[in-house]
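A quick write-up on the structure given underneath.
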Amino acid sequence: DDGFYMVLWKTQDSNLDVTKFYRIKVLIDGSSVPLGIADVDPVSSMKELKNTRTGEVIPLLDDSSLPIKFRVETGALCIVGALCNSVTVTNNDPSGFQIVTVDGGAGAIAGAKFPNGWLPPGGPQSVVVTISSFNTGVSNTGTGTETIPCHAGLPLEQFPGCFKFTTTPALAPINGESGPQFAKRVTVAVCYLLQGSGDSREKFAEMYASGPNEPPHALDDASDVGILGPNARSCATSVIGLNNSKGVTGLASAGWRKLKGGLGRVFGVETAYAVDLGLGGFADQFSNVGPALSARIDTVSPAHFTLPTGGTVQPFARIVGSNHHDNEHQYSTGLGGITVTFVASANTTLSPQGTEGGTATQLTATTSTGPIDGSPTSGGGYATVNWTIPNTPGTYTLTANGPATGGPVTFTATVPASLAINFENYPTGAGVCDGSGACSVTNEFASRGVVFSFSIPDETASLCRTIHGPIGEGSNYGVSPQSTDCSGWISGFVTMSFAAHPTTVEFTLEGNDSGSEGPFPVTAFDPSGAPLTVTRSTVVTYMDQFENTFRRETRRVTSPNGIASVVVDSNGAVRIIDNLLIVP
């Protein structure tokens, strides 16, 4: 009970060689780390048996039994340089439970509570429990990074103060090669560096465990009351980053050179102390235990963009706290100040939000502390970049990731393989279209899924060349709402019918700019006959060489249900339809 042990060494059974040295090791069953060592130098005669300190002769019969005495102290399995405690825990205590803690000076900063019956039947009913600080190397609390992470492979922010919980001997899994080692769950708790800091991440820390055969995983929440000291739940920065080097309390050979002199001192290791996070959790096996920021990354903006002619978009990702360790506010609060890395696929480029013309393919952005939608209750946590897509048809990807679960999230942008009909390059063999004649276009584009028709009987839509172009630009080709040349206009309708029902149609109208006509009238319909919205943009007014006023307008129709037809009312003003773009 007082921690002292003794063994008798029958030296005559060892056939010692006086020309060699011998080392005695003391170990706890199940551990490969000696608690202490003693080096022995056998002697050949009684004359050599002298106390190295006093010089007195020690009378002892040859071939006798040598008593080796030692003491196993609390903390015996702790490694040198670590903050640690090591205590024997049984499977049955009159109080119903046992608690092992590590004192940090102001109270317990790490510990575990063991209920009676926690050790499985058929195995050891008494083990040594060791709780020791784990060296995480250089830590950056602001970014939640460690050079030697407590939980390797866990993509979350982690904080200084990781602890290693072990039993000696190690317990085998109850159900075979993996799984729980304990018959009843043990409550573990550690101090938390951000406790009481007011940091936005403070309440979203969660206890995680990991080990060689135990992937990182969150522990079910438990109270740390009765384990941690009330004034020690916040880890002191002065104990962070202590060395984790191993060492053995060695007994100097000078004090051990006489075989029959007995053990002159006690085996033991200094007791040290540990540091970690102010959280509690239920564990069914022992391993590394330490805090991590429970966060999740999601897309905010649409995850897919359709860009008929390429362009620049702003994809938003958001990191939110995914578990409030008082069981409130799950998935509701955005976390600001966290770095998100965006990686773009080939042929696309990135630039910081609010800038243009970037050439980067990988860029980082920091999540915002405020909302992006004007709602003060939505919180922050948003990060974005400008993503520029070429006009080359294809599907492009952008990933966003950060110290959170759920990542990386992926955005896609599609540039459809559009059909662009440039009437300046009219198909070979369609006829010669000069300024005084016209070529029928009723059938020439049917093979490309487009049919032009005219509303006046016996008339057709025709390809013609304007004779009045802007000064310095020359003439322009296009479809005219008449069957003759482009010298005049006939009121009527030109209909473009689309066999494949594209999702986007864009084209240019050109004609007279007398104020009475106003915007050129255009209507569009989906396959069910429902009308569609037609937008108007890129209005350009110009003077021809005869100083007459004309204008050009760009029209666009978009429908996820497809477009069956677009009708242009010449209204006595439209001269030609040009630059037709059809997006599947």
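The values are calculated or read from the model by the stated rules, or taken from the named source; none is laboratory data. Quantities reported herein were computed from a predicted structural model and do not represent experimental measurements. As a convention, Cβ positions derive from the backbone with ideal geometry for all residues, glycine included, and neighbour counts pool all protein chains shown. Accessible surface areas use protein heavy atoms only, side chains included; no ligands, DNA or RNA. Shrake-Rupley method; radii C 1.70, N 1.55, O 1.52, S 1.80 Å.
Would you confirm, using the coordinates I've provided, whether residue 199 is farther than 18 Å from residue 151 by Cα, in contact (Cβ under 8 Å) with a residue 12 or more places away in the chain and crowded, with 16+ Cβ neighbours inside 10 Å? For residue 199, the condition - farther than 18 Å from residue 151 by Cα, in contact (Cβ under 8 Å) with a residue 12 or more places away in the chain and crowded, with 16+ Cβ neighbours inside 10 Å - is not met. For the stretch 105-123, residues that are open to solvent by 40 Å² or more (accessible area, probe 1.4 Å), touching a residue at least 60 places away in the same chain (Cβ under 8 Å) and not hydrophobic (A, V, I, L, M, F, W, C) total 3. What tally of residues in the stretch 124-142 results from selecting those that are hydroxyl-bearing (Ser, Thr, Tyr), surrounded by fewer than 16 Cβ atoms within 10 Å (Cβ to Cβ) and under 31 Å from the mean Cα position of the chain (by Cα)? The number of residues fulfilling the criteria is 0. With the requirement that a residue be open to solvent by less than 20 Å² (accessible area, probe 1.4 Å), at negative phi and not acidic (Asp, Glu), what does the stretch 549-564 give you? Within the stretch 549-564, 550, 551, 555, 557, 559, 563 meet the criteria. Across the stretch 539-565, the number of residues qualifying as farther than 22 Å from residue 525 by Cβ and touching a residue at least 60 places away in the same chain (Cβ under 8 Å) comes to 7.
As a summary of the residue check, residue 568 satisfies the conditions (1) surrounded by fewer than 20 Cβ atoms within 10 Å (Cβ to Cβ); (2) out of contact with any His (no Cβ under 9 Å at 6 or more places or on another chain); (3) in contact (Cβ under 8 Å) with a residue 60 or more places away in the chain except for the one numbered (1). Can you find, within the stretch 294-348, the residue that is surrounded by the most Cβ atoms within 10 Å (Cβ to Cβ) among those that are assigned to a loop (DSSP other than H, G, I, E, B), at pLDDT 85 or above and of a type in the set (Gly, Ala, Ser)? The residue in question is 294. If you scan the stretch 70-96, which residues turn out to be within 42 Å of the chain's Cα centre (by Cα) and of a type outside the set (Val, Ile, Thr)? Correct list: 75, 76, 77, 78, 81, 82, 83, 84, 85, 86, 91. Taking the stretch 77-87 as the range and being modelled with pLDDT under 75 and open to solvent by less than 30 Å² (accessible area, probe 1.4 Å) as the test, only 82 passes.
Among the strands (runs of 3 or more DSSP E) confined wholly to the stretch 170-289, which include 1 or more residues that are modelled with pLDDT of 80 or more and of a type outside the set (Phe, Trp, Tyr)?
186-191, 205-211, 214-218, 220-222
The lone criterion from (1) charged (D, E, K, R); (2) over 36 Å from the mean Cα position of the chain (by Cα); (3) at pLDDT below 85 left unmet by residue 103 is number (2). In the stretch 8-65, the residue that is modelled with the highest pLDDT out of those that are charged (D, E, K, R) and within 60 Å of the chain's Cα centre (by Cα) is 25.
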